[in-house]
Every structure is written in structure tokens, then in C-alpha cells.
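To start, the structure under review is shown below, and the notes come after it.
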Amino acid sequence: MTVHLSPGHLSAAVDRYLERLGFSGEPEPTAAGLAEMQRRHLDAVPYENLAIMLGRPDPTDPGQTLERIAAGGNAGYCFHHNGAFEVALRALGFDVERRSGHVWGRAVPRLNHLVLLVTIGGRRWWPDLGLGDALRDPVEVVEGEIRQGPFRYEIADVGDGAWTFRHDPAAHSFPGLDVRARRPGDAAVAAAHRVLSTPPDGRFTGVLVAMRRDDTGAEVLRGIQHRRTGDGAFTRELAYYDDWRAVLESLGVSLAGAGEAELRSLHARMLAGHAERAAAGEG
């Protein structure tokens, strides 16, 4: 990882980032500090692909992403969230390594998830801000079942810097992912991002997604479908633009820089796509 920020700019960006997360001082590089950072980040910064859906995907440069988040803007998806988190963790004294992740069911590119591995006191922890509706807290990389709130996960096939993660089927998002010991550099991440964010075939170019994971479940906007899993579960369709926009804002998505006309156009596209899928029996 290369951070294209001077030491002074990096320090200021980390300070502003921590302020956005509600910290009054720097968290300690401990397991408790790591968990507190993940939880506060998930509460403050949603997982979303708005910039991609508006045709102007943000680059994956981790320093730029950290500055954008620190200024109150959106992050993006896994490459952005975890890349920026890595910068902040390193600046705070955490021992961080990258790993290559592949979410099941997404054949291209092979690298489609950026994984961080943090070693604390000889124990290996996996924080992840880029799984949308999955991990609320970092998990130790040991085989077995994990319960967080209403969800049950599993880590299996743990090897030398590699493991498999199985998501709870109730989450309706992705079945699992494989983590491999390869350590992707910034160029590899940027190349994968171009594939994922370039229409018409890019994975993140078809449907608007915004997600927030909290203590008791997850809230997801996918197209015009607004769903909550876990406590207070519901599913509803947002056929009216004002309702759809209000949910985006309630999920913490910044609409700064997005014009009213292009947002209305995006909602209309999502509405039409939903109708097409329903007519085809795809739900």
C-alpha cells in the first residue's frame, strides 16, 4: 500500500476521520480499540455504490478515500472502506496485512474483495467494513461458528493466512468468500475496481446498493427494495422518488454533489429494472 499524502496531511486526515467516528482521542492498538473503530465506522459510513451508479466511480486510492470520508463524504464499497481503514489503522500503530478475497458467485475479477488481517498479541483478527450486511465486529481467524446479533457465520479451512467465510443465508446478499494469502497491491486493486465499476458488465453497475449493519441486524436498499433483516425485519418497495431519497439519506448516504435530475433519473432506472425483474419472475 502506498499513501500519496504527506505525513502532515495524513495525520490531519486520520484526526478528522476519528472525529467523524466520534472519537475524542486516538484509540489504542488493541483488540478492543479495533472493535470500537469498526463499530463506529459502520455506524457513520454506509456501504454504497452511488458514485458508480451516477457514472463517476471514485478511485480506490486509500489516502484519497480516507480524506473523502474524513470530509463527510461517501466511501464506496469494500476496496474503498477497507483501503482507507488500513491507512488509519497503520497510522494508529496497528500491525496490518492485506489479503486477497473472492466473494462466491462473482467470477470476474478473481480479486473482488480486499481483506485486512490485523495481528494483536500474537492473535489474528479480521476487521471488515466492506461486507455490507455481514460482520458487525472484527472476528478472530480461527475455525468455528460465530454469532453476532441475529446472524450466524462460520470460518473454515484456516491455513497460512487463508480462510473461508460462510455468511448467514438470512442476509440475502452473498453466500460466502474465500480469503487467500496473496497480498494485493494498489495497482491490482485499481485494476479490479475498473472491471467492477465499468458498465455494462461491472458487478457494481447494475443496481444501486446502500447498506448499514447495526447491533441487531442490517438495513439494505437494493434498487427500490428496502429491506431489514434481523430485529424488526421488513421488506417494502419504494416506488416514489421522495421515499427512496429519504431512505438513502437515512442510511447515511451523502447526496452532496448529486443533482436532483440525475437522482430522479437513477430512481426511474431502478424502478424500471425492478419491474422487468418482477415480470421475468426474478422477484
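The values are calculated or read from the model by the stated rules, or taken from the named source; none is laboratory data. Just so you know, these numbers come straight off a predicted model, no measurement behind them. Please note: Cβ atoms are built from the backbone with ideal geometry, for glycine as well, and neighbour counts cover all protein chains shown. To get the accessible areas, we keep the full protein, side chains included, count just its heavy atoms, and leave off ligands, DNA and RNA. Shrake-Rupley method; radii C 1.70, N 1.55, O 1.52, S 1.80 Å.
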(Q) So, residue 180, is that one in contact with a Lys or Arg (Cβ under 9 Å, 6 or more places away or on another chain) and open to solvent by 10 Å² or more (accessible area, probe 1.4 Å) or not? (A) yes
Q: Scan (1) surrounded by 15 or more Cβ atoms within 10 Å (Cβ to Cβ); (2) assigned to a strand (DSSP E or B) for the single condition residue 119 breaks and write down its number.
A: (1)
**Q.** Matching residues in the stretch 208-226 - criterion: being in a loop (DSSP other than H, G, I, E, B) and either touching a helix residue (DSSP H, G or I) at 6+ places or on another chain (Cβ under 7 Å) or modelled with pLDDT under 95 (or both)
**A.** 208, 223, 224
Q) Of the residues 197, 250, which is free of Cβ contacts under 8 Å to residues at least 24 places away in the same chain and within 22 Å of residue 80 (Cα to Cα)? A) 250
Q) Which one is surrounded by the most Cβ atoms within 10 Å (Cβ to Cβ), of the residues in the stretch 225-272 that are in contact with a Pro (Cβ under 7 Å, 6 or more places away or on another chain) and within 22 Å of residue 54 (Cβ to Cβ)? A) 253
**Q.** Positions within the stretch 122-164 being outside any strand (DSSP E or B), open to solvent by less than 50 Å² (accessible area, probe 1.4 Å) and not small (Gly, Ala, Ser), in sequence order
**A.** 127, 128, 129, 131, 133, 135, 136, 137, 138, 141, 158
**Q.** Scope the stretch 273-282; condition loosely packed, with under 12 Cβ neighbours inside 10 Å and either in contact with a strand residue (DSSP E or B) (Cβ under 9 Å, 6 or more places away or on another chain) or farther than 16 Å from residue 226 by Cβ (or both); matching residues
**A.** 276, 279, 280, 281, 282
Q.
Taking the condition of being under 24 Å from residue 124 (Cα atoms) and surrounded by fewer than 16 Cβ atoms within 10 Å (Cβ to Cβ), how many residues in the stretch 2-42 meet it?
A. 5
